[in-house]
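Student: Quick one: this structure, given as structure tokens, is what I'll be asking you about.
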Amino acid sequence: MKKIEAIIRPFKLDDVKEALLESGIRGMTITEVRGYGRQKGHKETYRGSEYQIEFVPKIKIEVVVEDTLAEKTIEAILRSAKTGQVGDGKIFISDISEVVRIRTEESGPAAL
């Protein structure tokens, strides 16, 4: 199994959600996060004063899928989250050794 974490632009969340549903991905967890990478923040003007925004708001999506669905999941995220601009985000892929569903105590792929 693989855990796929994607850091994306907030306005792309609905597009990514729809792409994942179309790809057969049934569940996801999202978190509102803040950070910076090469973008190093940006400047905004409020009431005539300019100030630096160091940590840019992003959305973190976490999905755990069977190995056979990992590539399909990554492609769906890439296709739906990409704008071609700096700040589109990143995708991280990790191996998951075990999953247990709390309600039924099922484990492995059946717990997904």
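Here, each number is a calculation from the coordinates, and none is a lab measurement. Please read these numbers as outputs of a predicted model, since none were measured by experiment. Positions of Cβ are backbone-derived with ideal geometry, glycine not excepted, and every protein chain shown enters the neighbour counts.
Student: Could you list K2, K90 so that the one with the fewest beta carbons within 10 Å of its beta carbon is first and the one with the most is last? Could you put the intermediate results ahead of the total?
Tutor: Numbers: K2 18, K90 11.
With the sparsest Cβ surroundings first, the list reads K90, K2.
Student: Divide the volume of the convex hull of the Cα atoms of the chain by its number of residues and quote the answer in cubic angstrom per residue. Intermediate results must be reported in sequence, preceding the final value.
Tutor: Working: hull volume 13.6 nm³, N = 112.
Residue-normalised Cα hull volume stands at 121 Å³.
Student: Tilt of helix 13-22 relative to the longest C-alpha principal axis of the chain, in degrees (0 to 90, nearest 10)?
Tutor: With rounding to tens, the tilt is 20 degrees.
Student: Pairing the Cα long axis of helix 67-81 with the longest principal axis of the chain, what angle in degrees results, from 0 to 90 and rounded to the nearest 10?
Tutor: Its long axis makes an angle of about 20 degrees.
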